[in-house]
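> Quick one: the structure is below, and I'll ask about it shortly.
The values are calculated or read from the model by the stated rules, or taken from the named source; none is laboratory data. Since the model is a prediction, treat every value here as computed from it, not as a measurement. Backbone-built Cβ (ideal geometry, glycine too); neighbour counts: all protein chains shown. SASA here: full protein model, heavy atoms, side chains in, ligands and nucleic acids out. Shrake-Rupley method; radii C 1.70, N 1.55, O 1.52, S 1.80 Å.
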Amino acid sequence: MTAPSQAPAQSRGGRWIDHWDPEDETFWNETGEKVARRNLLFSVLSEHIGFSIWTLWSVMVLFMGPEYGLTPADKFFIVSMATLVGAIVRVPYTFAVAVFGGRNWTIVSASLLLLPTIAAFIVMEPGTSFTTFLMCAMLAGIGGGNFASSMTNINAFFPLRKKGWALGLNAGGGNIGVPVVQLVGLAVIGASGGPRVLLGIYIPFIIVAAILAALYMDNISSVKNDTGAAKEAVKDAHTWIMSFLYIGTFGSFIGYSFAFGLVLQTQFGRTPLESAYVTFIGPLLGSLIRPVGGWLADRYGGAKITLWNFAAMAAATGVIVIASMQESLPLFTTAFIFLFVLTGLGNGSTYKMIPGIYQAKATAMGLEGEEAASYGRRLSGASMGLIGAVGALGGLGINLAFRQSFLSVGSGTGAFVAFLAFYGVCFVVTWAVYLRRPAAQASATSAASERKPQLSYAEV
């Protein structure tokens, strides 16, 4: 018997839902879909602003001319610390939804964005110490955690058949916060406004996002932290392999988002306005194409799309190295934007691999039907928060590599050579772990062709 279709029961105050069964189609059609879509809308809004605040300093450093007394290396270190904090806080933010409730934590996490924004508003002027700027940038890193809690929360609202669409929209809507803050920065710079104008624009939006979450979002009382699944995910080698690959895709996306304008300004002598004119294009295209990466992974297999995407990323990086050495700004900019597009595709394809990997493991363990599906959901859900956090650390590596490259050779060429080599390693790992067919397996499959073939990771 299916659960009776009824409005979600409210209890304990604070918009808690005690009955939530999205897999029941009657419940979903009559009640669940409307509630889930409403929560998705306001979750995307909060996560979007979180991404904007996280990457705020990628714009702020463009305002910071010689009067601030900061070297290019100082600026790269400032943005790298924002990246580091954003990666670290993703882990506790993943578990906060089950502890406090999705609505309640969205209110808290949105309100916390006022801290870095107001702090930067107060100190943003020449004469402020490097350490003070660094601390403000680290505070901005809390915006990076909103992605993890938002994805965990929305995952609970939607049925399995709708999760891909909902999570893709949620992630894409959040990622677009990166180019939006850069576009707002472009408008402010173009209007001859100062950095405090940019900060002043975001403060009321943060307040509105927190208020809307309080008014229109819900908590689901049945959402609990599965510590057993979390421990199992930590011990599973695939969690760390996928974390490594996600460093190559999402780590590249967020790292380049922080660094693009600063590289143009430092290496090619672009003015803040000239840099801002193109800085937003790469993150915008990379955000918009992320769902396409997921769709391609659904159609052709996530491992195959990820493999050839890393090959294309390496090729694009090779073109960037040539353009950097020849000091060709048009070629450099075009190749860099194309690389952004590839990071977005890779974000979609790698994330889509995760559920397939654990579903394949469940089948290999002899599980079937709902038991296999349940195992896959538990392990993939537990691993996603960790993979997202480790992947974001790639942004830290990119900005530190740029810092060292400019210190050592006065340009970003050395960093790009290192990135090219890293994408080559990612290509090899993807092929070796998820696509290579061992000889023994191939012969066994050939000898037993009449039997049902076993699931292979090439299908994820």
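> When a/c reaches 1.5 or more, the comparison of a/b and b/c decides; with that in mind, is region 238-368 rounded, prolate or oblate per its Cα gyration tensor?
prolate
> Roughly how many nanometres apart are two label points built 7 Å out from the Cα toward the Cβ at residue 364 and residue 208?
5.0
> Quick one: how many Å² of residue 93 are accessible to a 1.4 Å probe, rounded to 10?
Near enough 20 Å² of accessible area.
> Largest first, what is the accessible-area ranking of 218, 226, 298 with a 1.4 Å probe?
298, 226, 218
> Work out from phi, with θ = phi - 60° and the Karplus expression 6.51 cos²θ - 1.76 cosθ + 1.60, the ³J(HN,Hα) of each residue of region 376-381, listed in order in whole Hz, and give x for Gly and Pro.
Each residue's phi maps through the Karplus curve to give x, 5, 4, 6, 5, x Hz.
> Further question: In Å², what does the accessible area per residue of region 332-435 work out to with a 1.4 Å probe?
Value for region 332-435: 35 Å² per residue.
> Rounding to the nearest 20 debye, state how big the charge dipole of region 40-177 is about its Cα centre with +1 on each Lys and Arg Cβ and -1 on each Asp and Glu Cβ.
For this selection, approximately 680 debye.
> Under a Cβ-only charge scheme (Lys and Arg +1, Asp and Glu -1), can you give me the dipole magnitude of the chain about the Cα centre, in debye to the nearest 20?
It comes to approximately 320 debye.
> Region 293-374: which chymotrypsin sites (Phe, Trp or Tyr not before Pro) are DSSP loop and have at most 10 other beta-carbon atoms within 10 angstrom?
none
> Starting from the Kirkwood Rh over alpha-carbon pairs, what translational D in µm² s⁻¹ does region 354-434 have by Stokes-Einstein at 4 °C and 1.567 mPa s?
D, rounded to a whole number, is 85 µm²/s.
> Also: As a test of the definition: which semi-axes, in Å, follow for region 198-314 when you take the square root of five times each eigenvalue of its alpha carbon gyration tensor? Largest first, please.
Values for region 198-314, descending: 31, 28, 15 Å.
> Here is a further query. Could you give me the ³J(HN,Hα) list for region 347-356, computed from phi with Karplus coefficients 6.51, -1.76, 1.60 and θ = phi - 60°, whole Hz, x at Gly and Pro?
Those phi angles translate into 4, x, 6, 5, 5, 6, 5, 4, x, x Hz.
> What number comes out for the charge environment of residue 407, summing +1 per Lys or Arg and -1 per Asp or Glu over other residues with Cβ under 15 Å away?
Counting the neighbours of residue 407, the net charge comes to +1.
> In nanometres, what is the gap between the two model label sites at residue 99 and residue 26, each 7 Å from Cα along Cα-to-Cβ?
Each label point is offset 7 Å from its Cα along the Cβ direction, giving 3.9 nm.
> Can you pick out the pairs among 235/304; 231/361; 304/352; 163/352; 34/162; 162/361 whose Cα atoms lie more than 21 Å from each other?
Checking Cα-Cα distances, 235/304; 162/361 exceed 21 Å.
> Right, something else. Once you have the Cα-Cα distance between residue 235 and residue 161, take 0.36 nm times their residue separation minus that, and quote the gain in nm to one decimal.
23.8 nm
> Quick query: amide H of residue 219 versus all other amide H atoms, modeled in the peptide plane; which residues come in under 5 Å with a sequence gap of 5 or more or a different chain?
Sorted by chain and number, the residues that satisfy this are 16, 17, 103.
> Karplus couplings for region 246-259 from phi (6.51 cos²θ - 1.76 cosθ + 1.60, θ = phi - 60°), rounded to Hz, Gly and Pro as x?
So the J values, rounded to whole Hz, are 6, 4, x, 9, 5, x, 5, 4, 6, x, 5, 4, 5, 9.
> When the accessible area of the chain is computed with all protein chains present and a 1.4 Å probe, what percentage of it is carbon and sulfur?
66
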